[in-house]
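S.K.: The structure's right below; bear with me while I get my questions together.
The values are calculated or read from the model by the stated rules, or taken from the named source; none is laboratory data. Remember, predicted model here, so these are calculated numbers, not experimental data. Here the Cβ positions follow ideal geometry from the backbone for every residue, glycine too, while neighbour counts run over all protein chains shown.
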Amino acid sequence: MNQNRTTARAIHVVSVGHVVFAGTIIAFGIMGLAKGKFTQIWLPVPKWVPAQTALTYLCAAISFGCGIGLLWRSAAAIASRILLMSFLVWLLVLRLPYLFIQSPLVLVAWSCGSTALMVSASWVLYVWLAGERDSDRFAFVAGDNGLRIARTLYGLSLIPFGLAHFMYLKQTTVLIPGWLPWHVGWAYFTGATFIAAGVAMIIGVWARLAAALSALQMGLFLLIVWIPFMWVGGLSDFQWGEVAANCALLAAAWVVADSYRELPWLGVSKWRALAPARVN
C-alpha cells in the first residue's frame with residue numbers, strides 16, 4: 001500500500017493532454033529505437049545533416065526518455081526543458097531556413113508548422129512543469145511570456161495547414177470519405193477553419209474556442225479518414241507516416257488547448273496571468 005502511494009506521489013499529471021502527449025512521445029521513441037529510423041516528429045531530415053544514424057538514435061532516446069520524464073515528478077522539469085530545446089533547435093536549424101531557399105513554399109511551411117506545433121506543446125508543458133529554479137533563472141521562457149509565445153507559435157503553425165488544403169485541393173479531396181457529400185466544399189471549409197483558428201489564437205480573440213476546435217478537427221481527421229483506412233488495411237508507408245503525423249499533431253494540439261482551460265470560451269486573452277496554476 002505504501003509503495004502504491006509513493007508511486008502515485010511520484011507521478012505528475014497536469015492535464016489529460018499532458019498524458020496523451022507524453023504517451024505519444026514515448027511511442028515515437030520506441031518506434032525510433034526499434035526501427036533505427038527517424039520518426040514523423042523529426043522528419044524530414046536534410047541529406048547534408050551529418051552522422052544521421054547516431055542522430056536517429058539520439059532523437060529516439062530523447063523522445064522515449066523525455067516522454068517518461070514528463071510524467072515523473074522529479075524529472076518533469078528537465079524532461080520538458082530538453083524536449084523543448086530539441087524541437088526548438090530542429091525548428092531553427094532544419095526548418096526555418098528552408099522557407100527562403102526551397103519550394104514549394106506551402107509544403108515547406110507545412111513541415112515548419114508541424115515542428116513549430118511540437119515546440120508549442122513542449123513549451124506549454126515546460127511552463128507548467130518548470131520548478132522554482134527554472135522560474136527564477138528563465139522567467140521569460142518559463143512564465144507568462146513563454147506561454148504567450150508558445151500559443152502564438154501554435155496559431156502561426158495552423159495557417160500553412162489551412163493553406164495546404166487550398167493549394168493541394170485534389171490531394172485533400174481524395175482523402176474525404178465517399179459517404180460525405182461536397183468533397184471540395186469540405187476541403188475548403190477545413191482549410192478555412194485552420195486559418196481562422198490560427199488568426200484567432202495569434203490575436204487572442206476567442207482563442208480558447210479556436211484551440212479546442214483545431215484540436216477537435218485534427219481528431220476528427222484521424223477518426224473519419226485514417227482509422228477507416230487502417231481498418232480496411234493496405235496503407236502505404238507514406239500513409240502510415242501520415243497517420244503517425246496526425247497522432248503527433250493531435251497530441252500536441254491537445255496540450256495547447258488545455259492551456260486555455262482557465263479562460264472563457266469566447267473571451268479575449270489578456271497577456272497577464274496567462275499560465276494556469278502549476279500542480280506541485
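S.K.: Checking R148 against (1) in contact (Cβ under 8 Å) with a residue 40 or more places away in the chain; (2) surrounded by fewer than 20 Cβ atoms within 10 Å (Cβ to Cβ); (3) in contact with a helix residue (DSSP H, G or I) (Cβ under 8 Å, 6 or more places away or on another chain), only one condition comes out false. Which one?
M.R.: Answer for R148: the failing condition is (3).
S.K.: What's the number of the condition P46 fails, among (1) touching a Leu at 6+ places or on another chain (Cβ under 9 Å); (2) closer than 19 Å to A252 by Cα?
M.R.: Unmet for P46, out of (1) touching a Leu at 6+ places or on another chain (Cβ under 9 Å); (2) closer than 19 Å to A252 by Cα: (2).
S.K.: Turning to a different aspect of this structure: Among the residues of region 48-74, write down those that are in a helix (DSSP H, G or I) and either among the hydrophobic types (A, V, I, L, M, F, W, C) or in contact (Cβ under 8 Å) with a residue 60 or more places away in the chain (or both).
M.R.: Within region 48-74, A54, L55, L58, C59, A60, A61, I62, F64, C66, I68 qualify.
S.K.: Determine if region 199-206 includes at least one residue that is in contact with a Phe, Trp or Tyr (Cβ under 8 Å, 6 or more places away or on another chain), of a type outside the set (S, T, Y), at negative phi and modelled with pLDDT of 95 or more.
M.R.: Taking every residue of region 199-206 in turn, at least one turns out to be in contact with a Phe, Trp or Tyr (Cβ under 8 Å, 6 or more places away or on another chain), of a type outside the set (S, T, Y), at negative phi and modelled with pLDDT of 95 or more.
S.K.: If you don't mind, there's one more thing I want to ask. Filter region 75-100 down to residues that are of a type outside the set (A, V, I, L, M, F, W, C) and in a helix (DSSP H, G or I) and give me whichever is surrounded by the most Cβ atoms within 10 Å (Cβ to Cβ).
M.R.: Result: S80.
S.K.: Mind listing whichever residues of region 101-130 are part of a loop (DSSP other than H, G, I, E, B) and either surrounded by fewer than 16 Cβ atoms within 10 Å (Cβ to Cβ) or β-branched (V, I, T) (or both)?
M.R.: Those that are part of a loop (DSSP other than H, G, I, E, B) and either surrounded by fewer than 16 Cβ atoms within 10 Å (Cβ to Cβ) or β-branched (V, I, T) (or both): I101, Q102, S103, P104.
S.K.: Need pairs with beta-carbon distance below 9 Å; first residue within 15 Å of A164 (Cα to Cα) and surrounded by fewer than 17 Cβ atoms within 10 Å (Cβ to Cβ) and within region 182-209, second modelled with pLDDT of 95 or more and not small (G, A, S); sequence gap 6+ or separate chains.
M.R.: none
S.K.: State whether the residues of region 35-46 include one that is outside any loop (DSSP other than H, G, I, E, B) and without any contact (Cβ under 8 Å) to a residue 40 or more places away in the chain.
M.R.: Yes; the residues of region 35-46 include at least one that is outside any loop (DSSP other than H, G, I, E, B) and without any contact (Cβ under 8 Å) to a residue 40 or more places away in the chain.
S.K.: Something else about it: Among the helices (runs of 4 or more DSSP H) lying completely within region 195-276, list those that include at least 1 residues that are within 16 Å of V20 (Cα to Cα).
M.R.: Helices (runs of 4 or more DSSP H) meeting the threshold: 207-221, 237-258.
S.K.: Still on this structure, please answer the following. Go over the candidates V20, V45 one by one and state the one that is over 17 Å from T115 (Cα atoms), in contact with a Phe, Trp or Tyr (Cβ under 7 Å, 6 or more places away or on another chain) and among the hydrophobic types (A, V, I, L, M, F, W, C).
M.R.: V20
S.K.: Considering every residue within region 154-165, establish whether at least one is at positive phi, hydrophobic (A, V, I, L, M, F, W, C) and modelled with pLDDT of 90 or more.
M.R.: no
S.K.: While we're on this one: Hey, any hits in region 167-177 for a residue that's touching a residue at least 24 places away in the same chain (Cβ under 8 Å), touching a Phe, Trp or Tyr at 6+ places or on another chain (Cβ under 6 Å), in a helix (DSSP H, G or I) and over 23 Å from P104 (Cα atoms)?
M.R.: no
S.K.: Another one. For region 79-91, indicate whether the set of residues that are without any contact (Cβ under 8 Å) to a residue 24 or more places away in the chain and within 26 Å of E242 (Cβ to Cβ) is non-empty.
M.R.: Yes; the residues of region 79-91 include at least one that is without any contact (Cβ under 8 Å) to a residue 24 or more places away in the chain and within 26 Å of E242 (Cβ to Cβ).
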